[in-house]
Amino acid sequence: MANNLLPIQLTVNGKSHEAAVEPRLLLSDFLRHELGLTGTHVGCEHGVCGACTVLFDDEPVRSCLMLAVQAQGHTITTVEGLSPGPEKMHPLQDAFWTTHALQCGFCTPGILMTLIPFLEANPTPSTAQVREALSGNLCRCTGYQHIVEAVLLAARTMKQAAGAAAV
Amino acid sequence: MKPPPFEYVAPVDFVGALDAASKYGGEAKLLAGGQSLIPAMNFRVAQPAVLIDLNRIPDLEYVHRHPSGGLAVGAMTRHRRLEFDPQVKQSVPLLAEAVPFIAHPQIRNRGTLGGSLAHADPAAELPVIALALQARMRCASTRGERWIEAADFFQGMFTTVLSPDEILAEVVFPAPPQHQGYAFEEFARRKGDYALMGVACLIGLDAAGSCDQARLVFLNAGDGPMLAVEAAAMLQGSPVSEDSALAAAVHASEKEIEPLGNLHATPAFQRHLARILARRAILAASERTRQTSTA
């Protein structure tokens, strides 16, 4: 019967979860409603706004365009997984705070999750590269300028930290 | 909105997928990348009773040299793989050129070559590239296997020759002739948006510098990838010049495409874009004949 629940097991932010879900349950809704991780936001439900972006096996994807059952055996990272510890922010989150790169914050988790792999692959991005990386995420509040500044600031901060660690 | 209930089947090998497709036929939709199907299901414009998920089948994703010298690509190969695999850039550079125009990286991480071709959206890049390159599609069912040329594969808006029980398994891109120039041009309001118009162009020059092969295929210009045969013929027999490129572009944009218009562009504007992009692509492809040589 089509409403049968299917068992899934997956890792989210380093923690293993087991659940029984309807096949039609979207990954975005699974994260938000079954796991209570409401940092992943639902904007358009057809893949264009980017608010639902999460990491699926370390790659940014639209969680509104995946079924929870497809995540069986896979690893998900959401915005809740960025913080390195209680009361601490990831350098990218810190940079967003510093440059006022968020207002309502609705687009922010999707943008952060898009940028994490981008910065890993491009540790010293140009402004043009940052703008291009952001082109799959819509923001209605900020006009993007401070977001770009945040990314450049975070890139510098993270590079310095990496340099200091290497010494 | 959310999708209505459906039966979910996730075969772990291709035989299982063929069996499921045979069993459910027209009641089922195949889930490849899901970047077009899931939005349709979320809006309930698509309501398949059964979803056959192809994502657990390991041997449908690959890129390797075909014995003929071209490239064989598994149908579940992600766009992102095509974007970065050096074999693609080396063997079929037009494909590598076009893939970055597909939506955004987040979409390209999941979207697949086979899914895009089988979905046959007239505004999609890959059907245009497949037609330009004269790719061949291996289509499989429990009844057997058949190869379909790109020219015969696309039947209309969101329609291909695939039967309800058939699965596109592989796409072979033939080796381009030596020194063939290529270009892909597309115009969208914002990067990653659906293109309002696009064109793929292939140009070959003979030893005397005269154009002896030309191929021009338009995107979002009708109910499928639109091949401008007459414009291509106009280019042949003489060197490519600003004048010949413009003449061919004008003819193609006025006589050989049927753009339908949309929220962001009237058909007249689409024709205007087609003329400009085709002219640019013809000149760029011609310039590239001097630069390319296939390995």
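The values are calculated or read from the model by the stated rules, or taken from the named source; none is laboratory data. It should be emphasised that the depicted structure is a prediction, and the values quoted were computed from it without experimental measurement. Note that we place each Cβ from the backbone using ideal geometry, even for glycine, and neighbour counts take in every protein chain shown.
Could you tell me whether segment A:116-128 includes any residue that is more than 21 Å from A:LEU37 (Cα to Cα), of a type in the set (Asp, Glu) and within 14 Å of another protein chain (Cβ to nearest Cβ)? Yes; the residues of segment A:116-128 include at least one that is more than 21 Å from A:LEU37 (Cα to Cα), of a type in the set (Asp, Glu) and within 14 Å of another protein chain (Cβ to nearest Cβ).
Only residues that are within 10 Å of chain B (Cβ to nearest Cβ) and either more than 27 Å from B:VAL45 (Cα to Cα) or part of a loop (DSSP other than H, G, I, E, B) (or both) were counted across segment A:1-33, and they come to 8.
One line per residue, one yes/no per condition, for (1) of a type in the set (Gly, Ala, Ser); (2) touching a His at 6+ places or on another chain (Cβ under 9 Å); (3) farther than 27 Å from B:HIS66 by Cα:
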position	(1), (2), (3)
B:GLU166	no, no, no
B:ALA175	yes, yes, no
B:LYS191	no, yes, yes
B:ILE203	no, no, no
B:LEU216	no, no, no
B:GLY237	yes, no, yes
B:ASP243	no, no, yes
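Of the residues A:GLY47, A:GLY36, A:GLY85, the single one that is touching a Pro at 6+ places or on another chain (Cβ under 8 Å) and either within 13 Å of chain B (Cβ to nearest Cβ) or in a loop (DSSP other than H, G, I, E, B) (or both) is A:GLY47. Looking across segment A:130-167, the residues that are touching a helix residue (DSSP H, G or I) at 6+ places or on another chain (Cβ under 8 Å), in a helix (DSSP H, G or I) and within 14 Å of chain B (Cβ to nearest Cβ) come down to A:VAL130, A:ARG131, A:ALA133, A:LEU134, A:GLY136. Selection of strands (runs of 3 or more DSSP E) fully inside segment B:1-77 by the criterion of at least 2 residues being touching a residue at least 24 places away in the same chain (Cβ under 8 Å), surrounded by 19 or more Cβ atoms within 10 Å (Cβ to Cβ) and within 13 Å of chain A (Cβ to nearest Cβ) returns B:7-9, B:28-31, B:50-53. In the set A:LEU138, A:LEU119, A:LEU92, only one residue is buried (at least 17 other Cβ atoms within 10 Å of the Cβ), under 27 Å from A:LEU26 (Cα atoms) and under 15 Å from the mean Cα position of the chain (by Cα); that residue is A:LEU138. Scanning segment B:78-99 for residues that are closer than 16 Å to B:GLU125 by Cα and within 13 Å of chain A (Cβ to nearest Cβ) gives B:ARG78, B:HIS79, B:ARG80, B:ARG81, B:GLU83. Of these, B:VAL217, B:VAL250, B:VAL240, B:VAL229, which one is of a type in the set (Val, Ile, Thr) and closer than 21 Å to B:ALA123 by Cβ? None of the others qualify; the one that does is B:VAL217.
Being among the β-branched types (Val, Ile, Thr) and either in contact (Cβ under 8 Å) with a residue 12 or more places away in the chain or over 23 Å from B:LEU31 (Cβ atoms) (or both) is a description that applies to B:VAL88.
Of the residues making up segment A:88-112, those that are in a helix (DSSP H, G or I), touching a helix residue (DSSP H, G or I) at 6+ places or on another chain (Cβ under 6 Å) and not hydroxyl-bearing (Ser, Thr, Tyr) number 6.
Yes/no matrix, rows are residues, columns are (1) of a type outside the set (A, V, I, L, M, F, W, C); (2) under 30 Å from A:ALA128 (Cβ atoms):
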{"residue": "B:PHE153", "(1), (2)": "no, no"}
{"residue": "B:THR159", "(1), (2)": "yes, no"}
{"residue": "B:GLU166", "(1), (2)": "yes, no"}
{"residue": "B:VAL172", "(1), (2)": "no, no"}
{"residue": "B:GLY198", "(1), (2)": "yes, yes"}
{"residue": "B:PHE218", "(1), (2)": "no, yes"}
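So that you can scan it fast, the table gives a plain yes or no per residue for (1) under 24 Å from the mean Cα position of the chain (by Cα); (2) aliphatic (A, V, I, L, M); (3) modelled with pLDDT of 95 or more:
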position: B:ALA207; (1), (2), (3): no, yes, no
position: B:ARG215; (1), (2), (3): yes, no, yes
position: B:PHE269; (1), (2), (3): yes, no, yes
position: B:ARG279; (1), (2), (3): yes, no, yes
position: B:THR292; (1), (2), (3): yes, no, no
